[in-house]
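The values are calculated or read from the model by the stated rules, or taken from the named source; none is laboratory data. Keep in mind it's a predicted model, so treat the numbers as computed, not measured. Note that each Cβ is placed from the backbone with ideal geometry, even for glycine, and that neighbours are counted across all protein chains shown. Ligands, DNA and RNA are excluded from the accessible area calculation, which covers all protein heavy atoms including side chains. Shrake-Rupley method; radii C 1.70, N 1.55, O 1.52, S 1.80 Å.
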Amino acid sequence: MLQQVPELRKPPWHGSKVSTGGSAPIHFWLIGVILMIMQKTDILPLRLGAIEIRVPIIQAALSGYSDAPMRKIARKFGCEFVLCEVMLDQFVVAVSKRKSRLYFADSDEHPIGAQIMGSEPTQFVRAAQRLADEGFDLIDLNFACPVKKVLGRQRGGYLMSDPKSALDIVAAVRKNIPSTIPLTLKLRKGFDDLPESRTRFFEILDGAVDLGVCGVTIHGRTVRQRYEGLSDWNFICEVKQYLLAKNRPDVAVIGSGDLFTAEVCTQRLAESGVNGLALARGIIGNPWLFREISAVLCQEPKPEPPSLVEQREVLAEHFRLSVELYGESRAATTMRAFGVKYCLLHPSSDQVRQDFVKVKTVADWNNVLEKWYTFCNPPDTTE
Ligand SMILES: Cc1cc2nc3c(=O)[nH]c(=O)nc-3n(C[C@H](O)[C@H](O)[C@H](O)COP(=O)(O)O)c2cc1C
């Protein structure tokens, strides 16, 4: 299904000044045009410290999903950089050596980033140091999670409303992890739509850049919005222009929000000037999106949608990786959530879904694959 891309409203450098930037509008306009031409003719790699991502499309942190099996499948389809799901700082410190393989990265997963959430600098530092010791290539700090309980504990998106605490955390982590490990932030557009929130966003951005953060991923919704409405790509674009105007082209901006098709992704990359895109809901159950985007970006023909046989191969491989990591019972529970997403590509998705949600064992999973993914035409169930 092709998602309609809402037209970007007039770019922010047209006619009005970016209130926090203060440069002349023509300056913004010129930079924007040059950037667009460069983006259209070349795919520029995404640089996060020493990490270079040639096709600048990364797999976002996805709580409940972006475990090692999902990440490995993403890589098979050309994704060069992945993030683990967000981890609470106290949890990271407490993970036993025996259980670390469940939550941390395998040796064949580099480059890979870890994301931490918390409320207090000392705990953040301890977690970041552990993750650096465990071999993660990048640390990302989550100031974006909108879950009520998280906000109540002054974690995640709460920090968008409290620049001082947010920057204390950034300063402490940056100072106490090796300088070779890039530090990035996951931000939302603001805590809410009030002007103070916008001011706080730029306060956090400015402070973080001064403290040595090398990139920010911006989900263009406010914390209050959670997932309602559309991600504001004009805002994301404005942030990139703002950093360029401040002479900080080295700070990467990664855009997030409503990235569901190759066409949308390519358009966002070309029009917004961001350095990269973080794919999230669009790739849960659809890792083929990575190869479609790569093809479109490289001006090659877009690959055909995956056949049922191809889907079956990936479903089987994903399940195998999950059983290998978790054992049969937990893998079945975990994979049910993926099954109901994968089946959206199936012509009889409603019926396939009903079978996936009942999976409890390897045999159940294989039965679903045998029933629905063997023939080019799925079984006729209308009788
Ligand atoms: C199920 C789910 C889990 C998520 N988990 C995380 C997370 O752990 N860390 C994070 O920074 N963002 C998380 N996000 C937000 C996404 O990374 C992304 O910013 C957001 O979904 C917007 O992108 P999309 O509209 O393309 O899905 C999650 C989103 C979803 C839907």
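Tell me, what is the percent relative contact order of the range 270-366, built from C-alpha pairs under 8 Å that lie six or more residues apart?
Averaging sequence separation for qualifying contacts and normalising by length gives 25 percent for the range 270-366.
As I understand it, the dipole of the range 130-274 uses +1 on the Cβ of Lys and Arg and -1 on the Cβ of Asp and Glu, about the Cα centre. Which of Ile181, Val251, Pro146 lies farthest toward its positive end?
Comparing the listed Cα positions along the dipole, Pro146 ranks first.
Rounded to the nearest 0.05, what FRET efficiency do Lys76 and Ser107 give with R0 = 22 Å and r taken as the Cβ-Cβ distance? Could you check?
0.85
Taking the Cα centre of the range 209-317 as the origin, how large is its charge dipole in debye, to the nearest 20, when only Lys and Arg (+1) and Asp and Glu (-1) carry charge on their Cβ atoms?
So the dipole magnitude of the range 209-317 works out to roughly 380 debye.
Using a 1.4 Å probe over the heavy atoms of the protein chains, calculate the carbon and sulfur portion of the accessible area of the chain as a whole percent. Mind showing how you got there, number by number?
Values: 9100 of 17240 Å².
Of the solvent-accessible surface of the chain, carbon and sulfur hold 53 percent.
Treating the beta-carbon of each Lys and Arg as +1 and of each Asp and Glu as -1, no other charges, what is the dipole magnitude of the range 266-383 about its Cα centre, to the nearest 20 debye?
440
Under 13 Å Cα to Cα from Lys302, which aspartates and glutamates show up? Leave out anything in the same chain fewer than 8 places away.
Result set, ordered by chain and number: Glu263, Glu292.
Taking only protein heavy atoms into account and a 1.4 Å probe, give the accessible area per residue of the chain in Å².
Here the per-residue accessible area is 45 Å².
Please turn the phi angles of the range 304-315 into ³J(HN,Hα) values with the Karplus equation 6.51 cos²θ - 1.76 cosθ + 1.60 (θ = phi - 60°), one per residue in order, whole Hz, x for glycine and proline.
4, x, x, 6, 4, 5, 5, 4, 4, 4, 6, 4
Take every DSSP beta bridge whose two residues both sit in the chain, then give the antiparallel share in percent to the nearest 5.
10
His346's amide H: which non-local residues (gap 5+, or another chain) put their own amide H closer than 5 Å, with H modeled 1.01 Å from N in plane and none for Pro or chain starts?
none
For the chain, the longest stretch holding no chymotrypsin sites (Phe, Trp or Tyr not before Pro) located in a DSSP loop with at most 16 other Cβ atoms within 10 Å is which?
Numbers: sites that count: Tyr227, Phe375.
Longest site-free region, per DSSP loop and neighbour criteria: 1-226.
Under a point-charge model restricted to the Cβ atoms of Lys and Arg (+1) and Asp and Glu (-1), what is the dipole moment magnitude of the chain relative to its Cα centre, in debye to the nearest 20?
So the dipole magnitude of the chain works out to roughly 920 debye.
Return the lysines within reach of Lys149: Cα separation strictly under 27 angstrom, same-chain partners fewer than 8 residues apart disregarded; answer none if there are no such residues.
Lys99, Lys164, Lys186, Lys189, Lys341
Would you mind checking the tilt of helix 121-133 against the longest principal axis of the Cα atoms of the chain, expressed as 0 to 90 degrees and rounded to 10?
50
Ratio of Rg to Rh for the chain, alpha carbon only, Kirkwood?
Rg/Rh: 0.98.
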